[in-house]
Amino acid sequence: MSAAENRLVYCGDPEKSECARVASAPRFSPNISRTTRYTLLTFLPHNLFEQFRRPAYLYFLLILLLNQLPWLAVFGRTASLFPLLTVILVTGAKDAYEDLRRFAADRKENQRDVEVLRRSKDGVDRADRCCFRDLRVGDLVRVTSTAPEFPADLILVSSSRHEGDCFVETSNLDGESNLKPRDPVGALHAAILAASENSQAQTADSSHNPSARAPGAIPAMVAAVRRYQLVCEEPTPQLYSFNGRCQPSSSDLEAPGSLRPHPKDDAEMEQGLVENGAAGSAPLVYPLGPANLLLRGCRLMNTSWVLGVVVGTGNETKAALNSRPAGSKRSQLERQLDRCMLLLGIALGAMCLFGAVGCALWMEEHAGAGSSLTRLPYLGEGVDDNTNAQGAYQGPAMEAMLMFFSCIIMFQVMIPIALYVSVELVRLLQAHLMACDQHMCSAEGVHMRCRALNINEDLGQVRWVFTDKTGTLTENRMSLRRLLLASGRLHSVACDAARPSPSEPTTTLEAAAQNKDGARVGLSKSQGGSGSRELLQAGLPQIDDGEPPALPHAANADRGLHSLMLGVSLCNTVLPEQALGQCAGGEERSTDGKGRYQGESSDEVALVEAAAEHGWRLVARGAKHVGLEVHGQVQEFVLVGLNEFDHMRMGMSVVVRGADGRCRLLWKGADSALVRNLAEDSAADWSRVECQLDELAKLGLRVMCYGERELSEEQVARYVADQQQASMCPQDRSWKLSQCAEQIECGLRFTGATGIQDALQRGAAETVAQLREAGMRVMMLTGDKLETAIAVAQGSGLITAQMDCCVINGESGAKGTSDALMNAVMSSEVHEDKDAVPHALALTGVALGYIMEDETLHDPFLQALLTAHAIVACRASPAQKAWVVELVRGGCPHEVTLAIGDGANDVPMLRAAHIGVGLCGQEGLQAALASDFSFAKFRFLSRLLFLHGHWNYYRLGTMVAYNIYKNAVFVLLLMFFLPFNGYSAIAAIDEWNLVLYSMLYTSLPTIAAGLLDQDVSEDSLLTHPELYTPGMYLRAFLHTRRALYARDPRPAVDCHAFSGGYGSPCA
C-alpha cells in the first residue's frame, strides 16, 4: 500500500495516530453522525438553490422582477409576490421540519456513551466513559452486549470468549438476522492475555477475563496493545471487503532483540512473512480482513463484551459510506411534463406576441391627428402628434414591446407553478395509501414500503419485468429431497427441518407444473449443442413417483455415503447451537432439534440439519476446529483453511485434518465448476451420474455437487504459506486468495450431489400469468443450473407446454454462441405470425458473457429478447443481470423496466431498472433497502402494478392534464378580452383573484382527483389485467385528452359570454 492509499493506526494511541497522517491526507473524520442536509448558516442559500433548480421557479422569479418595474406593472407589488413566496415558504418549511427531525436523531446518537481505555492527562491509563462524538481513531474501546450497536468501525482485539472471537448481527446494514462470527487479531489477543496474566493484582479468572478491574490490569493491557500498529486501507463502502495488516510498532521493531527491522515496502513485508514462517518463528505481520472488522451499526450477540481498536469514525465508517442515496430516478410522466412546459412556453409567447402586435396596430390606428381619442389614462399625457410629456408614449413599436412583457406578467398562470407542489403532495399521499394497503401485508406483518416518491406513476407503465428465481418466485426455504452418490445410487430424504411454515402456504413445483389436463410440463433432453431447438413435452416424472430408497442412518452408511455426508457436514460456514452460547438476554437456546443452526445461506442450514437428523451432527465450530458427532461419537477436525465462495470459482472448500492425521480438501459447488476440477480417474464416476443430475434439475431441485482430495503434508504447507502470503497482499487480495484456492481445488474425486427443494411461492404462477396477460415481457435471471431454472419457469407458468424452447448454452464457444443467436433471431421472424407456435429463449451465463464481450451481438440479442415470449437466463452473475437490464433500457428508451429480487446479488439489477422492487425474504434486506418499493411476497406485485400503478398513473395524468387545461382556458379568457380594452394590460379580473385562481381556487379539486379518482373499479383491474395495457403506451396523459379538450366548446362559449357583456373602450 502506498502512503496515499492506507492509514496508519497506533493501537491505543489516538494522538500518535493523528500525527502519523500524511501531510497530503485529510484529518480523520470526527465520530459524529450527521444526516442533516443544512445548518443554520447554509439553510437559506442551500434550500433556495435547491428550489430554484427548477426552470418554473426561475420563470416566476423573472415575472416577479418584471412586475416591480412601474411601466410594466400589471399587478400590485404585494400581489405579485404571493405565488412564488407561497411555494418557496411551504417547501422551505417542509424541508426545515424534516431536517430538524434528523438533527434531533443525530444529537441523540452522538450523545450515547461508551467505555474507552485510554491514557489520561496525568499519564495514567484508565477506563473512562465518553460520548460517541469524542471517540478518535486509535482508541481502545470496550463494548458490551447491552449496547445497541458498535460506536465506530473496530478491529477486534479480544472478547469474553476464551478464543477472543465473538458473534455479531448485521441486520442494520444488510438485513441478515443470522449471526456472523468475527475473529480477533492473533497478536493483539495474545498480548491482552499475557498482560492480564502478568498483572500483579489479577483475579482467579483473569486469564480469561482481560477486562478485569483489578489494579494494574488496564494499564498493562493498554501498554501491551500500544506495542502494535495497524496499516489498513482507506475507508471504502464495500461492506465485505477490508485489507490491512497488524505489525509491531516501529519502536518495538528497532529495539534490541527484535526479529528484524520494519519492512520498508509491501514486497519486503511479504518476503519477511515467508522467511519468518519458514523459520518457525512467530510472524511479524498478521493479516487483517473482513472477519476481524466490527462495523458500526452491527450489534454484539452471544458475547458479553469485546475489546476493539477504532479504525473508522464518523463519515468514514462503512455504514456512513453506504448511507449515501443512489442516483435519483425521474418518471416518464415528469419527462413528458417538461416537454409540455416547453410547449406551453411557446404558446405563451404566441399569445404575448398577439397582444403586442394588436397593441401596435391599435396605436397606429388611434394615435393619428384625426383620431377622436385624445387621451388614454394608462399612457399618461396623451398620444397626439405634439405631446410626448415625460416620455410616456414611446411610439407604437416601443409600446408593443412593453405590451409583450406586460402580457407575460398577466398570462403567467399559463405556466402552472402550483402544479409542482400539487404533484409532490399527491405522490406523498399516494405512497401513504399504498403503504396502508393491508392486502399487501404478509402474515409476518411486513408492510409495503415506498422509498422513491417520484416514480409512483411509473408503476402504471411497466413493459418489462426482470425477476430473480430463488426467494422471489420461490420461498427460499430449503429442504433436502435427494442425495446422489458417485456410484449412481440415489436416496430420498424426508427432512422437515426446513419446511415452509404453515402460516404461509406454498406451491410445490410438481403441483404448479400441472397443466389444465393434469399432465406435467417437461423439457426434452438436449440433443444438440449451442442453440439446439427443444420442444417442451408432457410427462416429466414427479418427485413422489417411484421414491428411491430412503437415506440410511450413519450407523448403516457405507464408505461412499460417509464421504459425501462428511462434505455436507463440514464444508460450510454453519454455526451449531453449542458454538453460539447464550442469547443476549441470557436465556439458553433450545436444543430440541428446531432452530439449532445459524448460517448465512439457507441451503447450508438445510443440508446440515438433514445430515444431523441422519446421524452426522455438527456440534462445534471454532476458528481452528470443527466437531462432528457421527453415530454418537464426536470426531474432532482441525480447520487448516477455508476458501470462501465466490462467483468466479462457483464453489467453496475447506481443508481439514482428522484425528488420524490425514488432511483432505472438501469441496462443494456448481456442476460446471466441478467438471473443470475433476481428476482424470473420476471422469467415469461423473459420466455415470451426469444424466441423473440433469433429471434432478428438471424436477426443480437445486443441485449441489461435492468432491474431495487427499493432501500431502507438503501440499498443505505450501497451501498455508500461499494463503498467508495472499492474505497479506494490500491490493487485489480477494483475487489472489481466489487464485490460491483454485490451485488446490483441482484433481477432485467426485463424491456425490444433493438435490434441494425450494417450494414455489403461493400465487407466483398466477401473478406471472397476469403479467403476461397484460402484455408485459417477463424475463427470469438466476444463478441456478439451466435445467433447474427451466423447471421453475415451467412451474411458474413462464414457459408453457405450447412453447418451443431455444437453448443457447455457450458450450461451443463464442462462434457457436453467435451462430445460435443469429439462428434464434432468424427463426423469430417465423413466430411473428399469430398462428405460429410461441417460443421461449433460454441461455446460460457463459453465453451471456460471450454476448457481452462482442458488441456486434448486442442488437441481435435485443431483437431476440423482443421477439421471445419467455426468456430465462441461468448461471447469471450480478453484473450480467444488470447488463441485460441496461441493454433493454438503452434499446427501448420509451419502455419502463421493473426488476424484482430479494438478495444482495440482485441489487445491481434493481438499480439498473427504472423501478426496483425488493422482497424482504430469507436472504436479508439488502435488496429491499436498495429498492424503490419493497414488500414480502411476489404475488403482491400484481396488486402493486394493476391496481396502484394504474390508479397512480391515471390520477396523476388526469391531474396534470386538468391543471394545464384550466389554466389555458383562464389565459384564453384574458387574451380574448384584449380587443375590448384597447390591447392594454388592464385585466378583466381583480389582481388577487388572478393570483389565487391557480394557487387556491382550483388546486384543491385537482389534488382530490389525483388521490381519489377511479376510472375503473378495484375488482375490474385485478380480474382483467388487459386494462393495464394502455399505460404501457403512455395513453393516460394528454394523448387522448388533447383531442377531447380541442373539441370541447365550453372555453369558446365561456369567453364569448364574458366578452358579450363588455363593449370596446374605443367604441
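Of note:
- Checking each residue in the stretch 165-175 for being of a type outside the set (G, A, S) and not in a strand (DSSP E or B) picks out D165, T170, N172, L173, D174.
- Members of the stretch 981-1005 found to be assigned to a helix (DSSP H, G or I), touching a Phe, Trp or Tyr at 6+ places or on another chain (Cβ under 8 Å), open to solvent by less than 20 Å² (accessible area, probe 1.4 Å) and of a type outside the set (V, I, T), listed by number: L994, S998
- Top-ranked residue in the stretch 40-52 [being touching an Asp or Glu at 6+ places or on another chain (Cβ under 9 Å) and open to solvent by 30 Å² or more (accessible area, probe 1.4 Å); ranked as modelled with the lowest pLDDT]: E50
- Residue count, the stretch 330-368 (criterion: in contact (Cβ under 8 Å) with a residue 12 or more places away in the chain, closer than 21 Å to L58 by Cβ and aliphatic (A, V, I, L, M)): 6
- Taking the listed residues V907, V888, V917, V884, the one that is more than 19 Å from the chain's Cα centre (by Cα) and either within 30 Å of S442 (Cβ to Cβ) or not in a strand (DSSP E or B) (or both) is V888, with no other qualifying.
- Filter result (assigned to a loop (DSSP other than H, G, I, E, B), in contact with a helix residue (DSSP H, G or I) (Cβ under 8 Å, 6 or more places away or on another chain) and either open to solvent by less than 10 Å² (accessible area, probe 1.4 Å) or within 25 Å of T39 (Cβ to Cβ) (or both)) within the stretch 107-164: Q111, R112, R136, V137, G138, D139, P151, A152, G164
- Search result, residues across the stretch 44-60 that are farther than 14 Å from L84 by Cα and aliphatic (A, V, I, L, M): L44
- When G560, G581 are checked against the criterion of being open to solvent by 20 Å² or more (accessible area, probe 1.4 Å) and at pLDDT 75 or above, a single residue qualifies: G560.
- Residues of the stretch 674-718 that turn out to be open to solvent by 10 Å² or more (accessible area, probe 1.4 Å) and not in a helix (DSSP H, G or I), as a count: 11
- The set of residues from the stretch 421-436 being in contact with a His (Cβ under 7 Å, 6 or more places away or on another chain) and either of a type in the set (V, I, T) or crowded, with 16+ Cβ neighbours inside 10 Å (or both) comprises just one member, M434.
- The residue of the stretch 471-504 that is modelled with the lowest pLDDT, among those that are under 28 Å from D558 (Cβ atoms) and surrounded by fewer than 16 Cβ atoms within 10 Å (Cβ to Cβ), is D496.
- Residue in the stretch 696-713 that is touching an Asp or Glu at 6+ places or on another chain (Cβ under 9 Å), more than 25 Å from L480 (Cβ to Cβ) and of a type in the set (A, V, I, L, M) present: no
- The number of residues in the stretch 166-177 that are open to solvent by less than 20 Å² (accessible area, probe 1.4 Å) and either modelled with pLDDT under 80 or not β-branched (V, I, T) (or both) comes to 5.
- Residues in the stretch 853-885 that are under 28 Å from F645 (Cβ atoms) and either surrounded by fewer than 16 Cβ atoms within 10 Å (Cβ to Cβ) or among the small types (G, A, S) (or both): E853, A873, A876, S877, A879, A882.
- Among the residues making up the stretch 747-799, those that are open to solvent by 30 Å² or more (accessible area, probe 1.4 Å) and in a strand (DSSP E or B) are R749, R777.
- Among the residues of the stretch 649-696, the ones that are touching a strand residue (DSSP E or B) at 6+ places or on another chain (Cβ under 8 Å) and closer than 24 Å to L570 by Cα come to 32 in all.
- In summary, F150 fulfils each of the numbered conditions (1) within 19 Å of L288 (Cβ to Cβ); (2) of a type in the set (F, W, Y); (3) without any contact (Cβ under 8 Å) to a residue 40 or more places away in the chain with the single exception of condition (3).
- Test for V896: is it in contact (Cβ under 8 Å) with a residue 12 or more places away in the chain, closer than 28 Å to D1015 by Cα and of a type in the set (V, I, T): yes
- R621 vs. criteria surrounded by 18 or more Cβ atoms within 10 Å (Cβ to Cβ), under 30 Å from S877 (Cβ atoms), out of contact with any Gly (no Cβ under 6 Å at 6 or more places or on another chain) and among the basic types (K, R): yes
- Within the stretch 623-673, strands (runs of 3 or more DSSP E) holding 2 or more residues that are more than 22 Å from Q739 (Cα to Cα): 625-630, 633-646
- If the condition is being open to solvent by 30 Å² or more (accessible area, probe 1.4 Å) and either touching a Lys or Arg at 6+ places or on another chain (Cβ under 7 Å) or within 20 Å of G445 (Cα to Cα) (or both), then the stretch 891-904 contributes only E895.
- Annotation for the stretch 769-780: no member residue is in contact (Cβ under 8 Å) with a residue 12 or more places away in the chain and within 23 Å of V605 (Cβ to Cβ).
- Selected residue [more than 25 Å from the chain's Cα centre (by Cα) and open to solvent by 20 Å² or more (accessible area, probe 1.4 Å)] from L978, L929, L972, L956: L972
- Near pairs, Cβ below 7 angstrom, 6+ apart or cross-chain, from the stretch 804-824 (farther than 16 Å from I790 by Cβ) to any residue that is among the aromatic types (F, W, Y): A814/Y850; T817/Y850; L821/F861
- Residues being part of a helix (DSSP H, G or I) and touching a Phe, Trp or Tyr at 6+ places or on another chain (Cβ under 8 Å) - total across the stretch 732-746: 3
The values are calculated or read from the model by the stated rules, or taken from the named source; none is laboratory data. Quick caveat: nothing in here was measured; it's all calculated off a predicted structure. Virtual Cβ from ideal backbone geometry, glycine too; neighbours counted across all protein chains shown. For accessibility, only protein heavy atoms count, side chains too; no ligands or nucleic acids. Shrake-Rupley method; radii C 1.70, N 1.55, O 1.52, S 1.80 Å.
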